[in-house]
Every structure is written in structure tokens, then in C-alpha cells.
Amino acid sequence: MNISNRIKNLAPSATLAMSQKSAELKAAGVDVINMSVGEPDFDTPNFIKEAAKKAIDDNYSRYSPVPGYLTLRKAICDKMKKENGLDFTPEQIVVGNGAKQELCNAILALINPGDEVILPTPAWVSYVEMVKLAEGKTVEVYSGVEADFKITAEQLEKAITPKTRMLLLNSPSNPTGSIYTREELASLVEVLKKYPEITVLSDEIYEHINFVNGEVHSIAEFPGMKERTVIINGVSKAYAMTGWRVGYLAAPLEVAKAATKLQGQYTSGPASISQKAAEAAYTGPQECVEEMRKAFERRRDLIVSLAKEIPGWKINEPQGAFYLFPEVSSYIGTKYGDFEIKSSGDYVMYLLQEAHVACVDGEAFCAPGYMRLSYATSDDNIREALRRIKEASARLK
């Protein structure tokens, strides 16, 4: 068989690959602490599960409309109005098989071959590959730990060319946990005002996992920006529903229609039972969201305090999501026995083999010299993982 160049040019997901290696070691009897996976370790709240059971009993077992049930899209519109102050109609909402599908739908709907997409880095592993699928080109704009991993208006303006068609923004960020303040977003908006041909794709999936008193802003809030912004969100992170596979885009009507047209040809609507569960998540009690947020904030504080004890690591204090993204390049050039650290990837593999802790190399996030740890795990696992990492790192000379 001749595999297409489209697939040959794609890189496999580094996070899924490390999770697989971790699982293989566990299956072999090794006590591995997996800090590579980006999903809450909580169970889906009971009222959401009950709604799914009722949907089965009520025979929600047939195809849904391609963009999702109208009742769910109305619930999303209500959420957007109440929480974000943004007015959308159900026709502007497309519900898909996870936020990942809607990200890909938006990119495929808006990017032509040769178009440029500005990508602030470090960035989530799949963005670059999605742009590749659309035959576009990512223009990486880097910001390191010293700048809290956030680009400036000056950097944005410098990256814009006549081929620029999109800015892909992720706040709160995976992998860094950084959140753009209202003032920082306003400075980016001032630049974008000069370039009306640029659409903003705003990935807001970690919106509710924030440690800034709910002060998480969407760039679509600014005058004139909602009409040129595609918002991506979903239930996976805030409601511990990763496996239910429900995400959505909220967009100008022409983009929503284009995404629906595309989705209608390769998946149709998402799972009917999952949609009714998601509807319950948005319309039901919200205490569960705050309880999980508080737990993540406590874990953030714990992992930051422990990470500060590891020599050579440079860290920020993440303001959202559930990741720590330390700069670890001081270990490049060290060795222990036959193990020589020539890159952050080597350091990550060393920690997997010597400390039995699974992390992800920063290179997968367009940031070599860093690594990502997920603290979506228990306090005990965080303490033990950081103890192991500290001890294993001390052996490197």
C-alpha cells in the first residue's frame, strides 16, 4: 500500500506516545507515575451520568443533526451569554467529537494551501499538524519562561505578512498554564485592527480551570473581534468528560456553515448520548466545576513548591490548566553511567527509565529545552513523582 504524503508528513502525537510507553512499562510491572496525560483524574459528576442513562432509556439512539442537537446548541448559547457576555445563535454553534475535531474543522474551513497561521509557542502538539493537513504554514512566535510564555503585540506585528490568515491563540495554555490578561489581549487586538483579513482561532478549552478569580477573557469580547473570531470549547476538562468526546465551535455564521458542511462528510453529528450528557453539564448545577478547580489550584501550589527544589529548573507559576512547563536545559550535557543527556528529550527518557515518571518533551510543543508535567493526578502522586525526579536529576553530573 502507498500511504499518502498527507499522512507521511504528519508527526505522531508525542503526548499519546509517551502515555503508551508509560502503559507498556506498567504492564511489565514497573511502578510508573504518569504525568504525561492531559485529562482530569476525577470521575464525571453523577448528575451528568444520570442524564446519559436517561437518554438511553429515552431512546436517543439515532443520528443527531450534523451540528448537534438544537437543545444542546441553545444551552451552549446560554452559557456563552451568561459566562462570556457573548451573543450567539444556535446556528453559529457546531458540536463535534471533541474540541480537537472542531479545531481541525475551523482550520480546514479557513486555511488554503500556502496561507500562514501565526502560532504563539510553546503550543499544543496538534496545532502544527492540523495546519499541515490544511496545507498551510505555521509561523511560530516564541516566548519563554521569563515572559510567562506570552507573546507581545510587537512580536505579533512583526510576524504578520501578506499571507497571514489566522492567529491561533490558546488561553489558558496547554502546555504552560499561562493566561493572557485583558490588557495583554487588548494590545493584541490593537495590532489585529490593522489586518481585517486575519481570523483569530481562540482555543478556550481550559477556561474554567483557572487560578485568577475567574478573570479569564476571550479575545472575542473586544469590539469588532467577535465577527472575526472562532471560539473552541467543550466539556472535557471542566466537567471531567474527556472520553465523552463533545466539543464545539462558536463562530460567524459562514464559518459555522462551512464546518457543518465538512463535518457532514466525515463524521456527521457526535454521539447522541454524549450530547445529552453535555447538555446536562451546561444546564445543571455547577458546583462540581468549582470543586475540581479548587483541587487543581491546590495541586498547582504543591507542584510549584516542589519543583522549586529541583536544581537547574526554571519555572513560572501557571495561572490555569493543569500543567507545569519547566525549562530544563541546564541538564543538557550531563550524564549518569551510560546515559548521556543531549537534549530535553533525552532528559525525559532518562526520567522515565531512572525515576519511572512519564513526562513529555518540550520539543513536541515547539519548545526544546523544556518538558511538560501534568498535575491532573493525586497529591500523593505529585509528591512521589517530584521526589523521584529530584533524586534522579541529582545523579546527573
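The values are calculated or read from the model by the stated rules, or taken from the named source; none is laboratory data. Please read all numbers here as calculations on a predicted model, not as lab measurements. Here Cβ is always computed from backbone atoms with ideal geometry, including for glycine, and neighbour counts include all displayed protein chains. Ligands, DNA and RNA are stripped out before the accessible areas are found, and what is left, the full protein with its side chains, is counted by its heavy atoms. Shrake-Rupley method; radii C 1.70, N 1.55, O 1.52, S 1.80 Å.
Suppose R0 equals 30 Å. What FRET efficiency, 1/(1 + (r/R0)^6) with r the Cβ-Cβ distance, do Lys390 and Asp338 give to the nearest 0.05?
Values: r = 22 Å, r/R0 = 0.72.
So the FRET efficiency works out to roughly 0.85.
How high is the relative contact order of the stretch 112-170, in percent, with contacts defined as C-alpha pairs under 8 Å that are six or more residues apart?
On the way: 84 pairs, mean separation 27.9, N = 59.
Worked out over the stretch 112-170, it gives 47 percent.
In nm, give the distance between the simple-model label positions of Lys163 and Leu70, each being 7 Å from the Cα along the Cα-to-Cβ direction.
So the label points at Lys163 and Leu70 sit 4.5 nm apart.
Mean-square fluctuation check for the chain, GNM, Cα pairs under 10 Å: which of Ala106, Ala147, Ala355 is largest?
Its mean-square fluctuation being the largest, the pick is Ala147.
When a/c reaches 1.5 or more, the comparison of a/b and b/c decides; with that in mind, is the stretch 122-186 rounded, prolate or oblate per its Cα gyration tensor?
Values: a/c = 2.03, a/b = 1.31, b/c = 1.55.
Oblate.
If the stretch 207-363 were replaced by its equivalent ellipsoid, with semi-axes equal to the square roots of 5 times the Cα gyration tensor eigenvalues, what would those be, largest first, whole Å?
38, 20, 18
Pop out the carbon and sulfur fraction of the accessible area of the stretch 241-336 as a percent, whole number, probe 1.4 Å. Display every interim value, and only then the final one.
On the way: 2120 of 4030 Å².
For the stretch 241-336, the apolar C and S fraction of the accessible surface comes to 53 percent.
Evaluate the distance, in nm, between pseudo-label points positioned 7 Å from the Cα of Val30 and of Ser305 along their respective Cα→Cβ axes.
Simple spin-label model gives 3.1 nm for this pair.
Tell me which trypsin sites (Lys or Arg not before Pro) from the stretch 30-99 have a DSSP coil assignment and no more than 14 other beta carbons within 10 Å of their own. Before the final figure, lay out the partial values.
Values: sites: Lys49, Lys53, Lys54, Arg62, Arg73, Lys74, Lys79, Lys81, Lys82; in loops: Arg62.
Within the stretch 30-99, the qualifying trypsin sites (Lys or Arg not before Pro) (loop, at most 14 other Cβ atoms within 10 Å) are Arg62.
In the structure shown, do any of Lys294/Lys314; Lys193/Lys257; Lys49/Lys226; Lys150/Lys390 have a Cα-Cα gap over 30 Å, and if so which?
Lys49/Lys226
If you consider only alpha-carbon coordinates, what radius of gyration and Dmax does the chain have, in Å?
21.0, 64
Considering only DSSP beta bridges with both partners in the chain, what is the antiparallel share in %, to the nearest 5?
Expressed as a percentage, antiparallel bridges in the chain total about 45.
Pull up all non-local amide H partners of Gly234: gap of 5 or more, or a different chain, and H-to-H distance under 5 Å with H placed in the peptide plane.
Tyr248
Could you pull out every one of the aspartates and glutamates with an alpha carbon less than 12 Å from that of Lys81, ignoring same-chain neighbours closer than 8 positions?
Glu221
Which of these, Phe88, Phe339, Phe365, has the largest mean-square fluctuation under a Gaussian network model of the chain (Cα springs below 10 Å)?
Judging by the Gaussian network model, the answer is Phe339.
Helix-derived [θ] at 222 nm for the chain: sum -39500 (n - 2.57) over DSSP H runs of at least 4, divide by residue count, nearest 500? Show your work: numbers first, answer last.
Working: 13 runs with 154 residues, N = 397.
Helix contribution divided over all residues of the chain: -12000 deg cm²/dmol.
For the chain, what does the relative contact order come out to in percent, with C-alpha contacts under 8 Å and a separation of six or more? Intermediate values should be presented prior to the final figure.
Working: 770 pairs, mean separation 90.0, N = 397.
Once normalised by length, the contact order is 23 percent.
Starting at the first residue of the stretch 385-397, write each ³J(HN,Hα) from the Karplus equation 6.51 cos²θ - 1.76 cosθ + 1.60 with θ = phi - 60°, in whole Hz, x for Gly and Pro.
With coefficients 6.51, -1.76 and 1.60, one gets 4, 5, 5, 4, 4, 4, 5, 5, 5, 5, 6, 7, 10 Hz.
Starting from the 7 Å offset along Cα-to-Cβ, what nm value, one decimal, do you get for the label separation of Glu297 and Ser187?
According to this spin-label approximation, the distance is 2.6 nm.
Using Cα atoms only, what is the angle between the long axis of helix 287-307 and the major principal axis of the chain, expressed in degrees (0 to 90) to the nearest 10?
30
Please give the residues of the stretch 335-375, grouped as numeric ranges, whose backbone N is less than 14 Å from a label point set 7 Å along the Cα-to-Cβ vector of Lys132.
Within reach of a label on Lys132: 364-366.
Counting every Cα pair in the stretch 69-153, what percent are over 18 Å apart?
Value for the stretch 69-153: 58 percent of Cα pairs lie more than 18 Å apart.
Using a Cα-Cα cut-off of under 17 Å, which lysines could be cross-linked to Lys137, ignoring same-chain neighbours fewer than 8 residues away?
Lys8, Lys158, Lys163
Return a whole-number percent for the relative contact order of the stretch 6-152, with Cα pairs under 8 Å and 6 or more residues apart as the contact set.
In percent, rounded to a whole number, it is 18.
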